[in-house]
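Worksheet for the structure shown next.
The values are calculated or read from the model by the stated rules, or taken from the named source; none is laboratory data. Values in this document were obtained by computation on a predicted structure and should not be read as measured data. No Cβ is skipped: glycine too gets one built from the backbone with ideal geometry, and neighbour counts run over all protein chains shown.
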Amino acid sequence: MKTLSVPIWILLALSLSAEAGAQVRMVVNAEGRKVIYNEAPAQRARRYSNKLVDIPDPGIQISIDRHSADQSLDPKLVRAMIQVESGYNHRARSHKGAMGLMQLMPGTASQLRVSDPYDPDENVRGGTQYLRHLVDRFAGRLELAVAAYNAGPGAVERYNGIPPYRETRDYVKRVLALYQGGEPSLTTLPVVSSGRSGQVSISHVGRRKPRITRNSQNRIVVTTALDTRR
């Protein structure tokens with residue numbers, strides 16, 4: 001009878017995951033490496049909830065608030081993305097290799113100088129920096145920035161809009177639904193507006209045609225406010 005030799009790290013991961021009640025899967029990534037990733041039932045329930053859930057760790061809440069403020073992002077949007085991405089599992093790893101709360105790909109984490117993608121604070125810092133970059137790159141078009149976070153900015157530019165990928169379109173709908181508290185249309189344009197403090201917040205657009213300006217921090221602002229300058 002042939003005996004299979006299983007590396008100790010695989011046995012340990014399977015054992016720990018089983019104890020935590022997680023669903024364990026092992027796949028081979030694009031580099032030909034075996035990757036084990038697991039998701040506990042509670043984490044999966046959070047990911048697929050149709051409303052924002054309570055943040056399970058107060059430390060994560062602090063990180064979200066601080067880094068969202070640093071990047072002039074609405075923390076509610078960051079919460080929506082983390083919930084859909086990982087269900088607040090800071091040890092999450094996808095079959096494509098995305099890591100941590102905001103599911104940073106290795107290349108993106110490296111570019112953002114995130115040394116430990118599984119550290120919640122580092123991950124949220126990197127994820128919010130990347131999201132801010134995408135909001136600016138797509139001129140405040142939040143639905144495009146969210147799509148680019150999932151499918152990559154190149155795909156959004158190539159299709160001149162949300163790519164026709166089922167995963168991406170579902171992702172955008174779920175994130176915006178959590179953020180806006182409803183059932184958004186992908187053709188609806190959420191906008192970024194500037195407050196007195198100079199910080200940028202993101203809200204839902206009405207029917208007034210938006211205009212694009214820049215705030216005191218030279219960041220892109222999309223607003224429906226009337227232009228009173230002459």
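Here are a few things to note about the model shown:
- Residues of segment 48-65 satisfying the condition of being within 18 Å of Tyr118 (Cα to Cα), free of Cβ contacts under 8 Å to residues at least 60 places away in the same chain and assigned to a helix (DSSP H, G or I): Pro58, Gln61, Ile62
- Exclusive hit being at pLDDT 95 or above, of a type in the set (Gly, Ala, Ser) and more than 26 Å from Glu39 (Cβ to Cβ), set Gly161, Gly127, Gly100: Gly161
- Residues located in segment 142-167, provided they are assigned to a loop (DSSP other than H, G, I, E, B) and free of Cβ contacts under 8 Å to residues at least 12 places away in the same chain: Gly152, Asn160, Pro164
- Residues of segment 93-141 that are part of a loop (DSSP other than H, G, I, E, B) and of a type in the set (Gly, Ala, Ser): Ser94, Gly97, Ala98, Gly100, Ser115, Ala139, Gly140.
- Residues that are surrounded by 16 or more Cβ atoms within 10 Å (Cβ to Cβ) and either small (Gly, Ala, Ser) or farther than 17 Å from Ala80 by Cβ (or both) within segment 161-181 comprise Pro163, Ala177, listed in sequence order.
- Condition check for Ala18 on (1) surrounded by fewer than 13 Cβ atoms within 10 Å (Cβ to Cβ); (2) at pLDDT 95 or above; (3) in contact with a strand residue (DSSP E or B) (Cβ under 8 Å, 6 or more places away or on another chain): one failure, at (2).
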